[in-house]
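A short worksheet on the structure shown next.
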Amino acid sequence: MRVLAFLFYYVLGIVGIALISTMPVLFQDGAFFNISLYLSELKRLFIMMVHPSDWVYFYKGHPEPIFGFLWRLYRYSMTLFLSGIVLGLTLAFFLALGTMYMPRWVKRMMERVLHLFEAIPDLLLAFGLQILIVWFYKQSGIIVMDFATVGQDRIYALPILTIAVLPTVMMYKVIMALMEEEMTKSYVDMAKSKGLVKSRILNIHMMRNIVKSMFYHSKIIVWGALSSLFIFEYIFNINGITWAFLSDFRPFVTAVILILLFTPFFFLYQGVETFVFRDDSMMSVPTVRMNHFLGSISLKGQGKSFKRVMKEFAAHFKNLKFLAGFLIIGTMLTVSFIHTFTADPLIEQTILIYDENGKLVSANPHSPEFVFLGTDELGFSIVDQLLVGAKYTILFALFVAFLRMIVGFILAIPFAFFFPPKLQRGVEKLVDGMHFLPLTIIAYIVLKPVLDFTPGMDDSTQWERILYEGTMLTLLVVPLVMILFGNEMKQFLKEEFVISTKVMGGSSVHLLWKHLLPHLSARMGIVFGQQFIQTLLLLIHLGVLDVFFGGTIIKPPDPPRSSTNEWSGLIGAAKNSLMTGNWWYIVPALVCFMVLIIAMQLIIAGIKEVQHIRVGVPIKRTSWWKGLLTKRKKEEQTSSSVREEEFEFIEEELARRRSG
């Protein structure tokens, strides 16, 4: 039975890949959602799947056996990816294990450093390493490692190292959180009382208990790294699976590439969960269900409820981290709108620059030496483009994150409260398969046919394209958010006060409105911040692939450019600038993204701290250096305030009393 269920979900995954791969046909030849053409192409795709004679890849116009042609490229890409994943997870494991033996202030310093690395977009990391290698070569004449390929050449060291950074940071944080949670368990106290050394407790007992959680968390890490793989291959000019995907964009080729990526990770994760972990105990536990009658929402007293919600929201501004992140994002938006409404021209263009003697000193593009942050190749100011595009970047990411959270939360209510356990398990398995498909490629498939347009030959307006992009980027992630909130709600239903409310006849609406929302509000804020950051990273990836927010203007022989000056469009239009030495085309936009991500990380950290205070978890806000100074001061006070003559020895006192 397990084998049949396993194969059934695998086949459903293949069907889902076919449905996604055919989506570009919906917008073929200027059409918008041509359903009949889509169904016809879908039927053709399934027919091709069962006829091996049609399995060809067109390389420079010549048909090649698709699996024979793709296998070499696929094996190279998977070698880079798996090596990077293994390296990253291994480094994270030993780094976390070593951190557990370090002082507390070292742990906090490590957390801050890794937070900074987590805020660095993967694209900026790749560019930074390339610049560093080139700079070192100019200084010493030594090439540390190859940073790009030419033709059929292959490089390994730099791509593997770059891929390993994200898994290292994310898995380190996961392992540290799991270890700190295990340290509070009673069995650890018992082991310490028996005299077991810390190394034995960590290596033998705690590791055994967190292996399963590490395995589940690695699924999310692999999912994020898969999207980064395509970007790194593009930046390093690697002749791998990304090149094959972009060179032949037919639905059948797309489906084959996605199946090649989907299959090994599906068999690994779903196979281990189904045949190794075998969570029968979890399935046998009766599910706690919501009461079937809905009840009604009473508007009486809602004014007080609204005031309470506003009071709780205002309480977050007392947290310095939340306030700092909020002010950074708010300032960016405010400055962008002020510039948009007051600047004339909106984006200044500088063609030639002369000195005071009338001598020509610079022609476009101008470096930051002559114009603040420089200009692009047409002479348009980089800083003006950043100011104009800031409002599009921030508001769109906020809009998508909000939609994902709200729609996912609404769908999670029937999933958690009213779906039978078997149906819940089936939905979870189907949604879980999305972790084995790179989100960047799926977004590229569904967005490129709509966002690519030639001026004068496209009927869709800019706002229609923005609405479509927002809808697609929301729908792609809503199922995952739904499962996340659904699992939170199922755990919530097992609380004693909820069971008591149900026994006393509380309706579904009463439980949801009075008990569920107040407890999940902080969690919703954290999910909102996480989705905001993920949307920003996805926009960067799409920009590198020439899919720009609001539309990509294609006007040969000019390079593709953004129709809104949104930041990811600036990055995509100038992605090759580092090779020409014009680093100011792209680095300022990447730094702006980094600042925006750090600001949202501060907001998330602030929400967590406020929530911890409410539930009674102590928060240490003092910095490590303050702790050192305080400790040293106490030691000085102790050593200086206690003198030898102030001691009273018991033997002398007893002798004095006897003699008296």
Subset of segment 115-129 that is in contact (Cβ under 8 Å) with a residue 40 or more places away in the chain and not hydrophobic (A, V, I, L, M, F, W, C) - its residue that is nearest to residue 232 (Cα to Cα)
122
Within segment 458-501, considering residues that are more than 18 Å from residue 410 (Cβ to Cβ), open to solvent by less than 40 Å² (accessible area, probe 1.4 Å) and modelled with pLDDT under 80, the one farthest from the chain's Cα centre (by Cα)
501
Going through (1) more than 19 Å from residue 566 (Cα to Cα); (2) in contact with a Leu (Cβ under 9 Å, 6 or more places away or on another chain); (3) surrounded by fewer than 17 Cβ atoms within 10 Å (Cβ to Cβ) one by one, residue 325 fails only at (3)
Looking at this structure, is residue 360 open to solvent by 20 Å² or more (accessible area, probe 1.4 Å) and farther than 20 Å from residue 540 by Cβ?
yes
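Just checking, which of 358, 374, 389 is farther than 21 Å from residue 550 by Cα and under 35 Å from the mean Cα position of the chain (by Cα)? Quick ask: steps written out before the conclusion?
Numbers: 358 fails: under 35 Å from the mean Cα position of the chain (by Cα); 389 fails: farther than 21 Å from residue 550 by Cα.
Answer to the selection: 374.
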Selection count, segment 54-70, where residues are closer than 14 Å to residue 241 by Cα and either at pLDDT below 85 or not hydroxyl-bearing (Ser, Thr, Tyr) (or both)
6
Out of all the residues in segment 342-356, is one or more open to solvent by 60 Å² or more (accessible area, probe 1.4 Å) and part of a helix (DSSP H, G or I)?
yes
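The rows are residues; the columns are (1) under 24 Å from residue 225 (Cα atoms); (2) in contact with a Lys or Arg (Cβ under 8 Å, 6 or more places away or on another chain); (3) free of Cβ contacts under 8 Å to residues at least 24 places away in the same chain; (4) acidic (Asp, Glu).
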position	(1), (2), (3), (4)
389	no, no, no, no
393	yes, no, no, no
405	yes, no, no, no
425	no, no, no, no
438	yes, no, no, no
452	no, no, no, yes
Quickly run through segment 35-80 and pick out the residues that are free of Cβ contacts under 8 Å to residues at least 60 places away in the same chain and not in a helix (DSSP H, G or I).
50, 51, 56, 60, 61, 62, 63, 64, 65
Could you grab me the full set of residues in segment 138-167 that are at pLDDT 80 or above and of a type in the set (Phe, Trp, Tyr)?
156
Please identify the pairs in which a residue from segment 1-21 that is more than 19 Å from residue 264 (Cβ to Cβ) and touching a residue at least 60 places away in the same chain (Cβ under 8 Å) has its Cβ atom under 9 Å from the Cβ atom of a residue that is of a type in the set (Ser, Thr, Tyr) and open to solvent by less than 30 Å² (accessible area, probe 1.4 Å), counting only partners at least 6 apart or on another chain.
2/274; 5/274
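Residue by residue, here is whether (1) open to solvent by 30 Å² or more (accessible area, probe 1.4 Å); (2) under 22 Å from residue 397 (Cα atoms); (3) modelled with pLDDT of 75 or more holds:
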site	(1), (2), (3)
516	no, no, no
536	no, yes, yes
548	no, yes, yes
567	no, yes, yes
596	no, yes, yes
602	yes, yes, yes
So residue 187 clears everything in (1) at pLDDT 80 or above; (2) more than 25 Å from the chain's Cα centre (by Cα) except one condition, right? Which one?
(1)
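Given the condition assigned to a loop (DSSP other than H, G, I, E, B) and of a type in the set (Phe, Trp, Tyr), answer yes or no: does some residue in segment 418-433 qualify? Before the answer, list the steps.
Within segment 418-433, the subset assigned to a loop (DSSP other than H, G, I, E, B) is 418-420.
If we keep only those that are of a type in the set (Phe, Trp, Tyr) as well, we get 418-419.
Scanning segment 418-433, I find at least one residue that is assigned to a loop (DSSP other than H, G, I, E, B) and of a type in the set (Phe, Trp, Tyr), so the answer is yes.
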Search result, residues across segment 11-45 that are out of contact with any Ser or Thr (no Cβ under 8 Å at 6 or more places or on another chain), surrounded by fewer than 16 Cβ atoms within 10 Å (Cβ to Cβ) and among the aromatic types (Phe, Trp, Tyr)
33
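With respect to residue 178, determine if the residue is hydrophobic (A, V, I, L, M, F, W, C) and either closer than 22 Å to residue 537 by Cβ or surrounded by fewer than 18 Cβ atoms within 10 Å (Cβ to Cβ) (or both).
Values: hydrophobic (A, V, I, L, M, F, W, C): yes; either closer than 22 Å to residue 537 by Cβ or surrounded by fewer than 18 Cβ atoms within 10 Å (Cβ to Cβ) (or both): no.
Criteria not met by residue 178.
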Quick test for you: out of 106, 113, 3, pick the one residue that is out of contact with any strand residue (DSSP E or B) (no Cβ under 6 Å at 6 or more places or on another chain), of a type in the set (Val, Ile, Thr) and surrounded by 12 or more Cβ atoms within 10 Å (Cβ to Cβ).
106
Exactly one condition in (1) free of Cβ contacts under 8 Å to residues at least 40 places away in the same chain; (2) assigned to a helix (DSSP H, G or I) is false for residue 146; which is it?
(2)
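May I ask you to list the residues in segment 62-78 that are closer than 19 Å to residue 157 by Cβ and open to solvent by less than 60 Å² (accessible area, probe 1.4 Å)? Full working, then the answer.
Let us first name the residues in segment 62-78 that are closer than 19 Å to residue 157 by Cβ, namely 75-78.
Once the filter is applied, which keeps residues that are closer than 19 Å to residue 157 by Cβ and open to solvent by less than 60 Å² (accessible area, probe 1.4 Å), segment 62-78 yields 76, 77, 78.
Report yes if some residue within segment 407-418 is over 28 Å from the mean Cα position of the chain (by Cα) and open to solvent by 40 Å² or more (accessible area, probe 1.4 Å); otherwise report no. Give the steps one after another, and end with the answer.
Taking segment 407-418 and keeping what is over 28 Å from the mean Cα position of the chain (by Cα), we get 417-418.
Filter once more, so that each one left must be open to solvent by 40 Å² or more (accessible area, probe 1.4 Å): 418.
Yes: one or more hits.
The values are calculated or read from the model by the stated rules, or taken from the named source; none is laboratory data. Everything numeric in this text was worked out from a predicted model, so none of it was measured. We place every Cβ from the backbone using ideal geometry, glycine too, and count neighbours over all the protein chains shown. Each accessible area value is taken on the protein alone, full model and side chains, heavy atoms only, with ligands, DNA and RNA left out. Shrake-Rupley method; radii C 1.70, N 1.55, O 1.52, S 1.80 Å.
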